[in-house]
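Colleague: Quick one: this structure, given as structure tokens, is what I'll be asking you about.
The values are calculated or read from the model by the stated rules, or taken from the named source; none is laboratory data. Since the structure is predicted, the reported quantities are computational estimates derived from the model, not experimental observations. No Cβ is skipped: glycine too gets one built from the backbone with ideal geometry, and neighbour counts run over all protein chains shown. Heads up: the accessible areas ignore ligands, DNA and RNA and are worked out on the full protein's heavy atoms, side chains in. Shrake-Rupley method; radii C 1.70, N 1.55, O 1.52, S 1.80 Å.
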Amino acid sequence: NSPYIQEKLAHGQSIGRTHCHDSQCRIKNYWAKPFKGRTLGSITRDDLRSFSMSLVKRKLSASTINKIMVVGKVAISWAYREGYIPTNPSEKLSNFVAKPKKRGILDDDETQKLFAVAWKNERAYVGNLVAATCGLRAGEVLALRTEDIGLDRLFIRQAWSVKDKFKTPKNGEERQVPLLPYVREALLKLADQNPWRDGLVFFSDTGNNHPMVHNVL
């Protein structure tokens, strides 16, 4: 119902329910108490700067602080563009910069050992095998259907999230990725075990037309 969201959708821009949910949580958890009773027009640049520094004192990471700040900055900027407030106090407010943590990656020997051990959940094993060999995101793995399995490729047509359900993949584009024969065989074998016969490869234990729990994958 938000006019901001309705405007984005009307212009063909995507905005997911998960993003909206996360944004609302950041408002409730961080913005609501410090700015209780305030109008947008009464908020100054100094208020925003002081608020951001209070987040630093809570020892939140630079990335987390930026995500919290952008929720309010988007609202204030939209209100300014629509003429609800005369100035935009969030304009050119500096982001916080921090050295990102280095992400490790498994070498070939570690990867072979990982997939050589016995996994407790076959769907988790096959899902991670697909992610490792095809470069899929978790939501794309969970959304795979039998019809997406080609002879030598996967057709990535959808992604899954708890809030949005089935949606277009990230960046809104379908794509094809190479599929190794033994991975294809594992996918088809798993799909054949689906008790709901709803076409999903990574089926749920509790009902049809939604995949297994994201955390299990």
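Colleague: Roughly speaking, to the nearest percent, how much of the chain's 1.4 Å accessible area is carbon and sulfur? Walk me through the numbers before you get to the answer.
Modeller: Values: 7630 of 14620 Å².
C and S fraction of accessible area: 52 percent.
Colleague: So what are the ³J(HN,Hα) numbers for the range 188-205, from phi and the Karplus equation (6.51, -1.76, 1.60; θ = phi - 60°), rounded to whole Hz, Gly and Pro as x?
Modeller: Working through the residues one at a time gives 5, 4, 5, 4, 5, 8, 5, x, 8, 6, 9, x, 6, 6, 9, 5, 8, 7 Hz.
Colleague: With the crude spin-label approximation of a point 7 Å out along Cα→Cβ, what separation in nm comes out for residue 124 versus residue 105?
Modeller: 2.5 nm
Colleague: Then there is this: Quick query: amide H of residue 153 versus all other amide H atoms, modeled in the peptide plane; which residues come in under 5 Å with a sequence gap of 5 or more or a different chain?
Modeller: Distant-sequence amide H within range of residue 153: 179.
Colleague: Also, I was wondering about something else. Applying a 10 Å radius around every beta-carbon, put 128-136, 5-13 in order of their mean neighbour count, most first. Spell out each step's value before the answer.
Modeller: On the way: 128-136: 17.8, 5-13: 10.3.
Answer by packing, highest mean first, reads 128-136, 5-13.
Colleague: Just to compare against my own numbers: the Cα pair-distance distribution for the chain, 5 Å bins, whole % per bin, please.
Modeller: So the P(r) values, bin by bin, are 1, 6, 11, 13, 13, 12, 11, 10, 9, 7, 5, 2, 0.
Colleague: Using the 2.2 N^0.38 Å rule of thumb for compact globular proteins, work out how the range 1-130 stacks up: its C-alpha Rg over that value, please.
Modeller: On the way: Rg = 20.9 Å, N = 130, 2.2 N^0.38 = 14.0 Å.
Taking N as the residue count of the range 1-130, the ratio is 1.49.
Colleague: Which percent of the Cα-Cα distances in the range 98-217 go past 19 Å? All intermediate terms of the calculation are to be shown ahead of the outcome.
Modeller: Working: 3395 of 7140 pairs.
Summing the P(r) tail past 19 Å for the range 98-217 gives 48 percent.
Colleague: So, by mean Cβ neighbours within 10 angstrom, what's the order for 166-179, 89-102 with the highest one leading? Spell out each step's value before the answer.
Modeller: Working: 166-179: 13.5, 89-102: 11.1.
Answer by packing, highest mean first, reads 166-179, 89-102.
Colleague: Work out the FRET efficiency for residue 22 and residue 209 from their Cβ-Cβ distance, taking R0 = 30 Å, and round it to the nearest 0.05. Intermediate results must be reported in sequence, preceding the final value.
Modeller: Values: r = 25 Å, r/R0 = 0.83.
Here the calculated transfer efficiency is 0.75.
Colleague: Give the angle, between 0 and 90 degrees and rounded to the nearest 10, that separates the Cα long axis of helix 122-134 from the longest principal axis of the Cα atoms of the chain.
Modeller: Its long axis makes an angle of about 80 degrees.
Colleague: Accessible area per residue, 1.4 Å probe, Å², for the range 98-180: what's the number? Let's see the in-between values first.
Modeller: On the way: 5710 Å² over 83 residues.
Per residue, the range 98-180 has an accessible area of 69 Å².
Colleague: Can I ask one more? Report the FRET efficiency, 1/(1 + (r/R0)^6), for residue 29 and residue 97, where r is their Cβ-Cβ distance and R0 is 30 Å, rounded to 0.05. Mind dumping the intermediate values first?
Modeller: Values: r = 23 Å, r/R0 = 0.77.
About 0.85, to the nearest 0.05.
Colleague: To the nearest whole percent, what portion of all C-alpha pairs in the range 66-114 is separated by more than 18 angstrom?
Modeller: Numbers: 654 of 1176 pairs.
Looking at the range 66-114, the distances longer than 18 Å represent 56 percent of pairs.
Colleague: Using alpha carbons only, how many angstrom separate the centre of the range 23-76 from the centre of the range 111-141?
Modeller: 39 Å
Colleague: For 216, 162, what's the largest-to-smallest order of accessible area, 1.4 Å probe? Kindly include the intermediate steps, with their values, before the conclusion.
Modeller: On the way: 216 70, 162 100 Å².
Ranked from most to least accessible, the order is 162, 216.
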